[in-house]
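K.L.:
Take this structure, written in structure tokens, and hold onto it; I'll ask about it next.
Any read-out appearing in this document is the output of simple, stated calculations on the displayed coordinates, not a laboratory observation. Please read all numbers here as calculations on a predicted model, not as lab measurements. We place every Cβ from the backbone using ideal geometry, glycine too, and count neighbours over all the protein chains shown.
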């Protein structure tokens, strides 16, 4: 019984005789091939492994076995691994120029036409407004000039009455300038002897008309005044008068000059003693 040889394919004898303590890799691979086969076979199985099992199962210590720390990559992993490129991922990708389509060009033309039309409409609406503003500014200039002129023409003292015609000449033009100068020359001496002081205060001024409206060259203004005159001859009792004047004015460059003056109203408010 002891000398009986095991049947071919019976691995029980080799399994019983296999050493329990592990031996070196070289010893296991050379002297105990049955033990290697036993390690790859499923537990508790005395059934012989199929043909070619030794070729399919990896041997302990085989160079083809994976090393510790190495991860097995699935099949086709090399293809899925993204390749590193030297290029910058933020680089701008240029695309071929595409000419504008017909609809886009039509929309651009329509937008341009609408823009030009709206600009023309806005200009047409703004033009009357600008003209009105310019006319208002011109009327204001006329009224201010008329008020300054009347204040200068009828305000004087015995000391400066001799130069009154010269001071007033900057507001006058034409025949009216000469007429006013003659009038002042006629009253200079009597007023100096009587020590008459006259003070005229403008209380209101308005532009009556301008022509032509788009570019005024002539205007008519009305000025309302309060005039107070005093003299030692009348014991300095003030002579109060309310006067209004209509002035005809013409444009001379950037200035408005008086060419005619007439009295509209005159009220003597001097107290009677």
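K.L.:
What FRET efficiency comes out for residue 215 versus residue 148 if R0 is 22 angstrom and r is the Cβ-Cβ distance? Round to the nearest 0.05.
P.N.:
The formula returns an efficiency of 0.40 here.
K.L.:
Continuing with this model, one more query. By how many nm would the segment from residue 105 to residue 131 grow when fully extended, if each residue of separation counts as 0.36 nm and the alpha-carbon distance is taken off?
P.N.:
Between residue 105 and residue 131, full extension yields 5.5 nm more.
K.L.:
In percent, what relative contact order does the stretch 139-268 have, based on Cα pairs under 8 Å that are 6 or more apart in sequence?
P.N.:
About 24 percent, as a whole number.
K.L.:
Ranked from highest to lowest mean number of other Cβ atoms within 10 Å per residue, what is the order of the peptides 265-272, 181-188?
P.N.:
181-188, 265-272
K.L.:
Please give the length that would be gained between residue 269 and residue 195 if that part of the chain were fully extended, namely 0.36 nm times their separation in residues minus their C-alpha to C-alpha distance (nm, one decimal).
P.N.:
24.6 nm
K.L.:
Would you mind calculating the gained length between residue 262 and residue 246 on full extension (0.36 nm times residue separation, minus the Cα-Cα distance), in nm to one decimal?
P.N.:
5.2 nm
K.L.:
Rounded if a/c is under 1.5, else prolate if a/b is larger than b/c, else oblate: which is the stretch 127-256, with a ≥ b ≥ c the root eigenvalues of its Cα gyration tensor?
P.N.:
Prolate, since a/c reaches 1.5 and a/b exceeds b/c.
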